[in-house]
Every structure is written in structure tokens, then in C-alpha cells.
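A.B. asks: Below is one structure. I have some questions about it.
Each reported figure results from applying straightforward, stated rules to the coordinates on display, with no laboratory input. Quantities reported herein were computed from a predicted structural model and do not represent experimental measurements. In this analysis, Cβ positions are derived from the backbone assuming ideal geometry, glycine residues included, and neighbour counts consider all displayed protein chains.
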Amino acid sequence: MSDTSATQIVILGGGGDLSQRKLLPALFDLYLRDMLPVNFHIIGLARSERSDEDYRTFVQQALTKHVTPKEGKHRTLKDFCDRVSYVSGSFDEESTYGSLHKALGDFDEQEGRANRLFYLAVPPKFYGQIFRDLKGSGVAEEAEGKWTHILVEKPFGHNLETAQALDAELADLYREDQIFRIDHYLAKEAVQNILSFRFANTLLKAPWNKDAIESVTITMTETLDVGDRTNFYEGVGALRDVGQNHLLQLLALTAMREPAEFTVKSIRDARTEVLEALVPIDQSQLELSVLRAQYDDYKTHEHIPDTSETETYFELRAEVNLPEWEGVPFYIRSGKALDQAEVSITVQFKDVASGMFETQSCLSKGNVVKLTISPEQVIEINLNAKEPGLGFQLEDRNLRFVCEKGDVEIKNSYEKVLYDSIIGDQTLFTRTEEVLAAWKYITPIIDMWQDLPLYTYTKGSTGPDQTIIL
């Protein structure tokens, strides 16, 4: 990285699963790519009692397990771990922030006052306390010419009311340009490619509206069940976990108008416009617009009560109140413990063929464009073509484009999250208005859908027999 400004990165929850699997590997990969500031220091903060050396061993084990280190002549695992230290303590104890203040100060004394990045890899219930204590203890104060950035994982709030309260508290303590609300899905290479796919190709730019499109289906399915995340998942459910954030952001990218320019503000404005234009679901239409289900073994997990009403699967029919999308349904579908893992956007075009192809013997079908984001990045286009033979009949042909990996492949989207937060680029982070607009749409659904049936489905199946997707 050309910026040589010293930077300290504090991971609150530095001993947790997210740190082991994502954050530490992402930081190490950035280090190997020379994409971190030349002079950096990582501090892990967690409850467990550890020495600096113990934590370095922990980091080394995490990296050995979750990445394949490609050490260079001047970039080794040992060198990386030597830049790591540890602070033990509870997030709600004043003494913890005193210890953190000392650890930050020790580095500053040797290297000069550094930038400070705080990553909250902790349960959301600690957010408010940490926001206040970081500010109150002085560790988040900015020095002249040096920045402080606060990174917050989803979910940001539990409903509209709590999101508004949390946001108001943040706004009292920090400027908007200091706050980085993370939706790591926006940092995925394939998700970012939606913008180039839509707006850099005339083939799809012109017909991307109600005149040509019949419906859009956004899918996020997993083969894994809730596993050991029961304590978290039981109080959240699928709609809060991925619907309010990841899937509504995919909808926004699919439906947004072309930004006036490629800037942080223009792109965020375009996403926000879509989220604020989501049509509230009326209770009289609830059963036609929402479906919830739970896989049949869910209640056998530890810590799950027999009376649990938590959904592990949902379907949602959304509408966007913008002229170009009038009457076009956006279906959102997500679930755990299903037959396949996939994240995709399927756009069903209208059958616009007329004239010579209106006859019963030569019917055409509406085209389909499918963007698969994972497990691999693929674009599929279904077209009508003549069926081989002496007669003239149409058949469906599939064109499949696999987006090849370049020389620089970013497998871990947290690399992009961390890199952008260091350079101060907020394009792929959600703004206050986006978060609140999403909760404004989702919260009434959560409040109302307890009156709907909670269907069941078998693990490893396609989901419940019932569906609202036409």
C-alpha cells in the first residue's frame, strides 16, 4: 500500500469464530499482497486470559487452518504474527478500555500517533456499550491528521425501533464518515459485478424494466443447518439474518437506477432510492406475499425450545414503487438445510415474440437471464432458437458464461471490507438511510407473520411443499 501512515487495527472479539475464519485470514492475505499500511499493528481484544505470545500462537493456528500461506521473501507468517498483540477483558468493564488505551499508546510512543480502526466482531447486544466506552475512554478520539473508523457487523438492530435508537446513539458519538456498517455480501466480487453487468452492456441496459421483465427471483439457499449458532439464530431467524440485509441489498442492486456517476454518494443514493420505494405489505395480502417454514429437526438442536416459532426458511413477494418497475414482482427466497447451496438472481423476461411466432405450432418462451453469485460466478441466458430438423419449431437454448478467475482472486470478501475501511471508501458499506429503510419494510412483516402458518420441510429437500412464487 502506498499509504505509509501507521494504522492500528483493534478486533473486539479477537478470539471468536469470525476472527479465526475471516478477519485474521483476510488481514494476512492483505499483508501478503502488500495492501496494508507499511506500519500496522493488530490488537485482539477478548474475554479469555492470554499473553501476547499466547495470542500470536492462536493467530498462527487460525491462519494455518483457514488459509494456505504463500510466504514471500519479505512476507512471512512469523513477521505478521510479530505485529499482533492482545488485550483481555470484558466489553462492559471500564478497566478493559484502560488496558486497550495503554496498548494503543505503547505503539504510538514508538511509531508516532497512528490511525485507529475498531472492528466489532461481537454479538449486537454489546454494540451500544462499546460505542459509548470507545468514545468515553478516549481510545476512539482522532488526532490531527489521523482518522478513527468504527466497523459494525450485521444485524444492525433487531427491528426498526432498535435500529433507530442504535443509529441515533452512533450519530451522537461519531460522524457518518467514521461509521462503516458492514454487509460483507456487497464486497463479494460477483455482487459488485452486477453493476458492470447491468450498466456497461447495451444488451441488457435497455430492456431492464417493466416493459420487458415479468419477474425477478433472488435466491440464497444453504445446505448447512444452524449448527452451533443456535443461541444466535433462535433470537433472529432467517428473515432478520439474511433477508433484511443481504437479500434486500441484492434487490436494490438489481432494481436501482443507473447512478449519475461512479461515486460513493451516487451509488448509495441509488440503492437507498429502491429500498425506500419498497411497497409495504398490507395485512390483507400477507398470506399471498409471505411464507415461513422451519426444517423438521430444528427443535432437536440444543437450546431450542419445543415451542420455537423461528423460521429457517422464508419467501417474500416484494414490489418497488418506481415507474420502471410498476407491476413487477420481486421474489426473495432463502433457507437453511436445503438440497443445494446457491446465491442467484433470476430475471424472467416477458414473451415479446409476435407475428410469425404466434402460431400454436411455433410458440416462443420468455427469455431468462440468471446471475449466479455462488458457488461459482456464472451468467446464463436462455434464448429461443430453431429446433434442428426439417420443420420450423422453436426450442429453448442455454448460453452459459463462466466468469473466469483473474490473476488476483479475492476469495474472502472481508479482504475488500478491511481494505476499503482502511482507505476510507464507503461505497460497499450501508448508509443510515439504507439500514432504516430496510427495517421499515421488514419490521411490520415480522410483527404480522406470527398469525401465518409455520410450515415444515425435510432437511435436504427443496423446501416446503407450499410456495408463493409463481
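A.B. asks: What does the extension gain come out to for S374 and A165, with contour length at 0.36 nm per residue minus their alpha carbon separation?
C.D. replies: Numbers: separation 209, 0.36 × 209 = 75.24 nm, distance 3.47 nm.
Contour length minus the Cα-Cα distance gives 71.8 nm.
A.B. asks: How do the peptides 15-21, 148-154, 192-198 rank, highest first, by the average count of neighbouring beta carbon atoms within 10 Å per residue?
C.D. replies: On the way: 15-21: 17.7, 148-154: 21.0, 192-198: 15.7.
Sorting 15-21, 148-154, 192-198 by mean packing, highest first, produces 148-154, 15-21, 192-198.
A.B. asks: On a full-extension model of 0.36 nm per residue, what is the gain between L173 and S196, subtracting their alpha-carbon distance, rounded to one decimal in nm? Walk me through the intermediate numbers first.
C.D. replies: Values: separation 23, 0.36 × 23 = 8.28 nm, distance 3.64 nm.
Net length gain for the segment: 4.6 nm.
A.B. asks: Against the longest principal axis of the chain, how steep is helix 432-448, in degrees 0 to 90 to the nearest 10, with axes from Cα atoms?
C.D. replies: It is inclined by approximately 60 degrees.
A.B. asks: Same structure again: Can you give the helix-only mean residue ellipticity at 222 nm for the chain, where every DSSP H stretch with n ≥ 4 adds -39500 (n - 2.57) and the sum goes over all residues, rounded to the nearest 500 deg cm²/dmol?
C.D. replies: Working: 14 runs with 144 residues, N = 470.
Only helices count here, giving -9000 deg cm²/dmol.
A.B. asks: While we're looking at this one, here's another question. Express the C-alpha Rg of the range 7-153 as a ratio against the empirical globular expectation 2.2 N^0.38 Å, rounded to two decimals.
C.D. replies: Details: Rg = 14.6 Å, N = 147, 2.2 N^0.38 = 14.7 Å.
Compared with the compact-globule rule of thumb, the range 7-153 sits at 1.00.
A.B. asks: If packing is taken as the average number of other Cβ atoms within 10 Å across a peptide's residues, how do 280-292, 331-343, 387-399 rank, most packed first? Can you show the working numbers first?
C.D. replies: Working: 280-292: 16.1, 331-343: 20.5, 387-399: 10.8.
Going from most to least packed, we get 331-343, 280-292, 387-399.
A.B. asks: Shifting gears a bit: For the range 186-457, state what percent of all Cα-Cα pairs lands in each successive 10 Å bin, counting from 0 Å until the bin that includes the largest distance.
C.D. replies: Bins of 10 Å from zero give 6, 25, 32, 24, 10, 2, 0 percent of pairs.
A.B. asks: Shifting gears a bit: For the range 408-470, what does the alpha-carbon gyration tensor say about shape, rounded, prolate or oblate, given a ≥ b ≥ c as the root eigenvalues, a/c under 1.5 as rounded, and a/b over b/c as prolate? If you can, show how the numbers build up before the last one.
C.D. replies: Details: a/c = 3.98, a/b = 1.66, b/c = 2.40.
Verdict is oblate for the range 408-470.
A.B. asks: Oh, and also: For the pair E109 and Y455, what calculated FRET efficiency results from E = 1/(1 + (r/R0)^6), where r is the Cβ-Cβ distance and R0 = 60 Å, to the nearest 0.05?
C.D. replies: Plugging the Cβ-Cβ distance into 1/(1 + (r/R0)^6) gives 0.50.
A.B. asks: Oh, and also: Around N159, which amide H atoms from residues at least 5 apart in sequence, or from another chain, sit under 5 Å from its own amide H, with H modelled in the peptide plane?
C.D. replies: Long-range HN contacts for N159: none found.
A.B. asks: Which pairs in the list K125/K336; K336/K365; K416/K459; K125/K299; K188/K265; K154/K188 are over 27 Å apart, alpha-carbon to alpha-carbon? Write down the numbers at each step before the final one.
C.D. replies: Numbers: K125/K336 24 Å; K336/K365 32 Å; K416/K459 34 Å; K125/K299 24 Å; K188/K265 20 Å; K154/K188 16 Å.
As for pairs spanning more than 27 Å Cα to Cα, those are K336/K365; K416/K459.
A.B. asks: I've got another one for you. Convert each backbone phi in the range 274-280 into a coupling constant with the Karplus relation 6.51 cos²θ - 1.76 cosθ + 1.60 (shift: θ = phi - 60°), then list the ³J(HN,Hα) values in order as whole Hz, x for Gly and Pro.
C.D. replies: 5, 4, 6, 9, 5, 7, x
A.B. asks: What does the charge add up to near S99, with Lys and Arg as +1, Asp and Glu as -1, over the other residues with Cβ less than 13 Å from its Cβ?
C.D. replies: So the environment of S99 carries a net charge of -3.
A.B. asks: Could you work out how far apart the two model spin labels at I423 and D396 are, taking each label as a point 7 Å from the Cα in the direction of the beta carbon, and quote it in nm?
C.D. replies: 4.2
A.B. asks: I need the Kirkwood Rh of the chain: take the reciprocal of the average 1/r across all distinct C-alpha pairs and report it in angstrom.
C.D. replies: On the way: mean 1/r = 0.0412 Å⁻¹.
Averaging 1/r across every pair of different Cα atoms and inverting gives 24.3 Å.
A.B. asks: Right, something else. Just how large is the dipole of the range 7-153 about the Cα centre, in debye to the nearest 20, putting +1 at every Lys and Arg Cβ and -1 at every Asp and Glu Cβ?
C.D. replies: Charge dipole of the range 7-153: 580 debye, to the nearest 20.
A.B. asks: Could you give me the ³J(HN,Hα) list for the range 464-469, computed from phi with Karplus coefficients 6.51, -1.76, 1.60 and θ = phi - 60°, whole Hz, x at Gly and Pro?
C.D. replies: x, 5, 7, 7, 10, 7
A.B. asks: Per residue of the range 119-126, in order, report the coupling 6.51 cos²θ - 1.76 cosθ + 1.60 (Karplus, θ = phi - 60°) as ³J(HN,Hα) in whole Hz, putting x for Gly and Pro.
C.D. replies: Taking θ as phi minus 60°, the curve returns 10, 8, 9, 9, x, x, 5, 8 Hz for the range 119-126.
A.B. asks: Among 83-94, 241-252, what's the highest-first ranking by average C-beta atoms within 10 angstrom per residue? Working shown, then result.
C.D. replies: Working: 83-94: 17.5, 241-252: 24.7.
The packing order, highest mean first, is 241-252, 83-94.
A.B. asks: Rounded to the nearest 0.05, what FRET efficiency do T462 and K205 have when you use their Cβ-Cβ distance and R0 = 30 Å? Mind dumping the intermediate values first?
C.D. replies: Numbers: r = 33 Å, r/R0 = 1.11.
Once rounded, the FRET efficiency stands at 0.35.
A.B. asks: Please give the FRET efficiency for T64 paired with D92, using the beta carbon to beta carbon distance and R0 = 41 Å, rounded to the nearest 0.05.
C.D. replies: Numbers: r = 33 Å, r/R0 = 0.80.
Computed FRET efficiency for T64 and D92: 0.80.
A.B. asks: Right, another one. Just going by the charge dipole of the range 186-457, with Lys and Arg at +1 and Asp and Glu at -1 on Cβ, which of L418, T312, A200 is farthest out on the positive end?
C.D. replies: Sorting the options by dipole projection puts first A200.
A.B. asks: Just how large is the dipole of the chain about the Cα centre, in debye to the nearest 20, putting +1 at every Lys and Arg Cβ and -1 at every Asp and Glu Cβ? Before the final figure, lay out the partial values.
C.D. replies: On the way: 49 positive and 75 negative charges, 209 e Å.
Computed about the Cα centre, the dipole is about 1000 debye.
A.B. asks: Measure out, as a whole number of angstrom, how far apart the alpha-carbon centroids of the range 363-404 and the range 1-54 sit.
C.D. replies: If we compute the Cα centre of each part, the gap is 45 Å.
A.B. asks: Just going by the charge dipole of the chain, with Lys and Arg at +1 and Asp and Glu at -1 on Cβ, which of L248, L170, I373 is farthest out on the positive end?
C.D. replies: My answer, from the dipole projection, is I373.
A.B. asks: So for the chain: antiparallel DSSP bridges make up what percent, rounded to the nearest 5?
C.D. replies: Percentage antiparallel, nearest 5: 55.
A.B. asks: If neighbour count is taken as other Cβ atoms inside 10 Å, put W439, W147, W449 in order from fewest to most.
C.D. replies: W147, W449, W439
A.B. asks: Sticking with this one: Can you list residues whose amide H is under 5 Å from V10's amide H, if they're 5+ apart or on another chain and H is modeled 1.01 Å from N?
C.D. replies: I43, L117, F118, Y119
A.B. asks: Multiply the residue separation of D54 and D34 by 0.36 nm, subtract the distance between their alpha-carbon atoms, and state the gained length in nm to one decimal. Walk me through the numbers before you get to the answer.
C.D. replies: Values: separation 20, 0.36 × 20 = 7.20 nm, distance 2.59 nm.
Extending this stretch completely gives an extra 4.6 nm.
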